[in-house]
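The values are calculated or read from the model by the stated rules, or taken from the named source; none is laboratory data. A quick note: this is a predicted structure, and the numbers were derived from the prediction, not measured. Every residue, glycine as well, gets a Cβ built from its backbone with ideal geometry; the counts of neighbours run over all protein chains shown. To get the accessible areas, we keep the full protein, side chains included, count just its heavy atoms, and leave off ligands, DNA and RNA. Shrake-Rupley method; radii C 1.70, N 1.55, O 1.52, S 1.80 Å.
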Amino acid sequence: MSTMVKVNTKVVIDGEIMKSIKNMVKSVKKNREFEVLNYAKFDIDNDVLSVTVSHLEFTLQQSFNVDAEGVGSFLIPFDIIRKVTHIKKDSQYTFQVINDNTVEFNKNGATQRINTLNVNEYPKQINAKFDYINNVSFDEVLNLNKALISVSKTETRPILTGVLIRDSKIASTDSHRLFMTKSQIKHDEDITITSTGIKKLKDVFSKNDSNIEVYISDEYIKFKTDNKTVIIKQLAGNYPELERLIPSDYQTEFVINNVKEFNQIVKDAATITKDVHNNVIEFEISKNQLIVTASDPNVGSYKNTININSFVGDDLKISMNGKYLLDGIKQIDGDSLHFKFIGSMRPFTISENDNNDTFALILPVRRF
């Protein structure tokens, strides 16, 4: 069945709606194989505008109450939407269909004619059987985005490029570090979501969306409110077991209370070795202090000391990837950082206030 296209169909939107539509398309990469996927679909029906963005890994849809004339559908290129700037709340934008392949766009009085594709070329809606799981808050969206930091950036093991939901936990790993936190999603089977789709959750939902419904099908996971929908493709394959990677007995522990100062020290050290293989920095841990060092023969060396608290166990020297450490600090995002070590060549963890529900795990780097 063809999508309805009616000449003179017209819709007027304000600045807030334009900002929402712009957020939907702002980070979608250009698709060179399917030109139609570089367009947003506008559907108008009874003063309701539904905007759809389709991608190979996700589908986004938002609905808005608008001032409209007629009923119909048309396509607008992402580039046109992205170029709309200086958006204010009282800004006014009008789209009017001239014919199957032309839409007139009025931006606060400035008129532009857009050559577009026929709306019937746009992909059909995903026709899958979804089962309701439960509702989540916006915190779930934030935690899924934190997990993106430690997914694999290569396709060597494609399953590791996604984020895992298993046993009511969110997890990600690239085999060199791991992040884990609680998930509000309760499901008996693994769900591995594409990174590209997770990024779009934050572009559609906000902290005002406190009650997001979650649905699952064989291939997709859907997040939905009354007027917003994000459908993300699941990655096929078996995600590795993770529990065996997580230490249980520790020999050295301490707490960093001044997280801001510590983050700057690590950043300064990692800058010294940013061109060194594994971006290596070193910790020298003793009862009352932590010494952070880094060196590159071509750049120089760095050394700084910070006081530590709640020290337990043995003195220790350990080397690690400075970028991974900075990423772990970002993932914990706490007022204090609790470090736990087994030894100089075993993985260590970072958590907040000894909170074992959320932690970043980092493998050390061997020094020769």
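Structure above, values below:
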read-out	value
K233 open to solvent by 10 Å² or more (accessible area, probe 1.4 Å) and out of contact with any strand residue (DSSP E or B) (no Cβ under 7 Å at 6 or more places or on another chain)	no
Selection count, region 55-72, where residues are open to solvent by 10 Å² or more (accessible area, probe 1.4 Å) and in a strand (DSSP E or B)	8
Residue count for region 177-199, restricted to those that are assigned to a loop (DSSP other than H, G, I, E, B), open to solvent by 30 Å² or more (accessible area, probe 1.4 Å) and touching a strand residue (DSSP E or B) at 6+ places or on another chain (Cβ under 7 Å)	4
Unique match (being in contact (Cβ under 8 Å) with a residue 24 or more places away in the chain and among the small types (G, A, S)) among S50, S27	S27
Which listed residue is among the basic types (K, R), closer than 30 Å to T156 by Cα and either buried (at least 16 other Cβ atoms within 10 Å of the Cβ) or touching an Asp or Glu at 6+ places or on another chain (Cβ under 8 Å) (or both), from K228, K222, K267	K222
Enumeration of residues in region 32-48 that are of a type in the set (S, T, N, Q) and open to solvent by less than 20 Å² (accessible area, probe 1.4 Å)	N38
Filter result (open to solvent by 60 Å² or more (accessible area, probe 1.4 Å) and under 20 Å from A171 (Cα atoms)) within region 236-262	A236, N238, E241, E243, R244, L245, S248
Residue within region 201-213 that is open to solvent by less than 30 Å² (accessible area, probe 1.4 Å), out of contact with any Pro (no Cβ under 6 Å at 6 or more places or on another chain) and of a type outside the set (A, V, I, L, M, F, W, C) present	yes
Elements of type strands (runs of 3 or more DSSP E) contained in region 299-357, each with 3 or more residues being open to solvent by less than 10 Å² (accessible area, probe 1.4 Å) and in contact (Cβ under 8 Å) with a residue 60 or more places away in the chain	337-341
Residue identified as touching a helix residue (DSSP H, G or I) at 6+ places or on another chain (Cβ under 9 Å), assigned to a loop (DSSP other than H, G, I, E, B) and either of a type in the set (F, W, Y) or buried (at least 20 other Cβ atoms within 10 Å of the Cβ) (or both) among V51, V28	V28
Residues within region 276-290 that are loosely packed, with under 15 Cβ neighbours inside 10 Å and either charged (D, E, K, R) or closer than 19 Å to N321 by Cβ (or both), tallied	2
Any chance I114 is at pLDDT below 95, surrounded by 12 or more Cβ atoms within 10 Å (Cβ to Cβ), aliphatic (A, V, I, L, M) and over 25 Å from the mean Cα position of the chain (by Cα)	no
Subset tally (residues that are closer than 16 Å to I17 by Cα, in contact (Cβ under 8 Å) with a residue 24 or more places away in the chain, of a type outside the set (A, V, I, L, M, F, W, C) and open to solvent by less than 70 Å² (accessible area, probe 1.4 Å)) for region 88-106	3
Search result, residues across region 121-137 that are within 17 Å of G72 (Cα to Cα) and out of contact with any strand residue (DSSP E or B) (no Cβ under 9 Å at 6 or more places or on another chain)	K124
